[in-house]
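Asks: Have a look at this one.
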Amino acid sequence: MPAGSAPAGDHPLPLPVRPVATTVRQVPLSPTLAVNEALARKRRAGTPVLPLGFGEAGIPIHPALTRELAAAAGRGGYGPVAGSAPLRAAAAGYWDRRGLPTDPGLVVCGPGSKALLFGLLMALDGDVVVPAPSWVSYAAQISLAGVRPVHVATSPGEGGVPNPALLADAVVRARAEGRAVKAVVVTLPDNPTGTLAGAETVRRLCEVARDHDLVIISDEIYRDLVHDPARTVHSPARYAPERTVVTTALSKHLAAGGWRLGVARLPDGPFGHALRASLLGLASEIWSAAPAPMQHAAAYAFAEPPELVEHVDRSRRLHAAVTGAVADRFAAAGARVRRPEAAFYVYPDLDPLRDRLRAEHGVATGADLTGLLLERYGMGVLPASAFGEPAEALRMRVAPSLLYGAGDEQRLTALAAPDPTALPWIAGALDRLSEILADLTAPSGEGAPARSASGQPTVPATAAS
Ligand SMILES: Cc1ncc(COP(=O)(O)O)c(C=O)c1O
């Protein structure tokens, strides 16, 4: 027995506890995940909820994908940092078919496009313009990367792309203040507004990016969920190929967010190659490689076999029907709202009801409004301020995809239904939404019942996960 060690079977006494004085960096939970957790707590407490906060696609994984994943479950090796050759070739083919010829050598795979976006921001190492509104994680990731976001407003109906004239002004101003603005992020189509910017706006954005030497990060994760399949998504990679990075993933159109698999398409030329080397260096130090079985399944998915194309078609129709119905319910309640053109989000503005909401409920900010909806009605949505908009904006992001069903059986029925909004569990949720909005916007003494005539909530507590 070595000198000083305890005899076998004996444990040395633990040291007396001393509280840890070291502080940790404050990193709040992403708002989308936070609202989901708040709803889960309410549900556990037995309160009925209307889960409209989380950006999950809400449809089942296609069995062909499960089969491919299972077939590759034995692959335990790390594999190349950039991703396997078959996956990179399949992703290149996916982009080729969308008019973006792609060198598989310039494709990098990662554990979700979120990780790739963060890697790109780290590699670029400068301030970044983001649209206002835009997906919650861009600004958060930019701050984590130790740089600062520059928010630039989008034009009405063209969410996801900063207004090009405002972009030019903002870059000139920020640079005059000594800031190193290096990139602009665009989302085509957009989360949170569910809209798709047109060709002319994208082309002008590219001109500004070229004139001001900005890299464009084009997040095209919702590309295959444009409700009208005949509509073209105009990628900046067509107009400014030398400076545009495109990202996408399996998370939205194939509802495989939990599989954590994304890909980035880097620009050809010296800049693209330098960016690739930097991104791979970061990836090698953070995630090493995306999970090998997922890469195998993703190679299958990006090859777009007919059964997956049909699955995506059906999901697109489902998203269009339900988001359209949700928009109609908000419009009927007096909100200003566009019918979404893509993805599974609605972005109503309750500004026309501002005076009433203030008088009846003391609502002054978007967060007051969404807090009230959560606490009083168990309705989870996110305020516009979470997307970089002013605190007083009464816009909110509504994500109805968790209403498609409580389990795969209901969700498959919803995918197959000619009119999914007529299915009892979806119709019930839509009616509950109308009841809530009627109660919220009624003058005092005229509140509509928050519950149905039977006294039961019209949405079963199990309506979504
Ligand atoms: C606009 C946008 N980009 C990227 C992501 C991240 O997707 P993932 O990391 O699952 O690829 C999301 C997910 O909500 C999103 O809405």
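Asks: How many residues are surrounded by 18 or more Cβ atoms within 10 Å (Cβ to Cβ) and small (Gly, Ala, Ser) if we restrict to region 192-206?
Replies: Residues in region 192-206 being surrounded by 18 or more Cβ atoms within 10 Å (Cβ to Cβ) and small (Gly, Ala, Ser): 2 in total.
Asks: Moving on to the next point. Is it the case, given these coordinates, that Leu166 is surrounded by 19 or more Cβ atoms within 10 Å (Cβ to Cβ) and in a helix (DSSP H, G or I)?
Replies: In short, no.
Asks: The conditions are (1) more than 14 Å from Cys109 (Cβ to Cβ); (2) within 16 Å of the ligand (Cβ to nearest atom), and Ala298 fails exactly one of them. Which is it?
Replies: Failing condition for Ala298: (1).
Asks: Can you run down the residue pairs with Cβ atoms below 8 Å, 6 or more apart or on separate chains, where the first is in region 21-32 and without any contact (Cβ under 8 Å) to a residue 60 or more places away in the chain and the partner is surrounded by 10 or more Cβ atoms within 10 Å (Cβ to Cβ) and of a type in the set (Asp, Glu)?
Replies: Final answer for the pair search is Leu29/Glu37.
Asks: Out of the helices (runs of 4 or more DSSP H) lying entirely within region 344-437, which hold 2 or more residues that are at positive phi and in the same structural domain as Thr193 (by TED's automatic domain parsing)?
Replies: none
Conditions (1) among the aliphatic types (A, V, I, L, M); (2) modelled with pLDDT of 95 or more; (3) surrounded by fewer than 19 Cβ atoms within 10 Å (Cβ to Cβ), marked per residue:
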residue: Leu87; (1), (2), (3): yes, yes, no
residue: Ala90; (1), (2), (3): yes, yes, no
residue: Gly99; (1), (2), (3): no, yes, yes
residue: Thr102; (1), (2), (3): no, yes, no
residue: Leu106; (1), (2), (3): yes, yes, no
residue: Ser113; (1), (2), (3): no, yes, no
residue: Leu116; (1), (2), (3): yes, yes, no
residue: Leu120; (1), (2), (3): yes, yes, no
residue: Gly126; (1), (2), (3): no, yes, yes
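Asks: Go through region 138-158 and give me each residue that's under 14 Å from Val184 (Cα atoms) and of a type in the set (Gly, Ala, Ser).
Replies: Listed by number, the residues that qualify are Ala139, Ala153.
Asks: In region 170-191, how many are without any contact (Cβ under 8 Å) to a residue 40 or more places away in the chain and either crowded, with 17+ Cβ neighbours inside 10 Å or among the charged types (D, E, K, R) (or both)?
Replies: 3
Asks: Within region 332-371, which residues are over 20 Å from Val49 (Cβ atoms) and within 16 Å of the ligand (Cβ to nearest atom)?
Replies: Of everything in region 332-371, those that are over 20 Å from Val49 (Cβ atoms) and within 16 Å of the ligand (Cβ to nearest atom) turn out to be Pro340, Glu341, Ala342, Ala343, Tyr347.
Asks: Is one or more of the residues making up region 221-228 touching a Ser or Thr at 6+ places or on another chain (Cβ under 9 Å), near the ligand (Cβ under 10 Å from one of its atoms), closer than 15 Å to Val161 by Cα and β-branched (Val, Ile, Thr)?
Replies: yes
Asks: Specify which of the listed residues (Ala209, Ala277) is part of a helix (DSSP H, G or I) and either at pLDDT below 95 or surrounded by 24 or more Cβ atoms within 10 Å (Cβ to Cβ) (or both).
Replies: None of the others qualify; the one that does is Ala209.
Asks: Could you check how many residues of region 287-327 are farther than 23 Å from Ala427 by Cβ, in a helix (DSSP H, G or I) and in contact with a helix residue (DSSP H, G or I) (Cβ under 7 Å, 6 or more places away or on another chain)?
Replies: Here the count works out to 13.
Asks: I've got another one for you. Can you tell me which residue in region 238-266 is farthest from the ligand (Cβ to nearest atom), limited to those that are closer than 18 Å to Ala209 by Cα and of a type in the set (A, V, I, L, M)?
Replies: Out of the qualifying residues, it is Ala240.
Asks: Please go through region 137-160 and pick out each residue that is touching a residue at least 60 places away in the same chain (Cβ under 8 Å) and either out of contact with any strand residue (DSSP E or B) (no Cβ under 6 Å at 6 or more places or on another chain) or within 19 Å of Glu341 (Cα to Cα) (or both).
Replies: Residues satisfying the conditions are Ser137, Ala140, Leu144, Gly157, Gly159.
Asks: In addition: Scanning for something of a type outside the set (A, V, I, L, M, F, W, C), touching a strand residue (DSSP E or B) at 6+ places or on another chain (Cβ under 7 Å) and in a strand (DSSP E or B), does region 237-244 turn up at least one residue?
Replies: yes
The values are calculated or read from the model by the stated rules, or taken from the named source; none is laboratory data. This is a predicted model, so every value here is computed, not measured. Cβ atoms come from the backbone with ideal geometry, glycine included; neighbour counts cover every protein chain shown.
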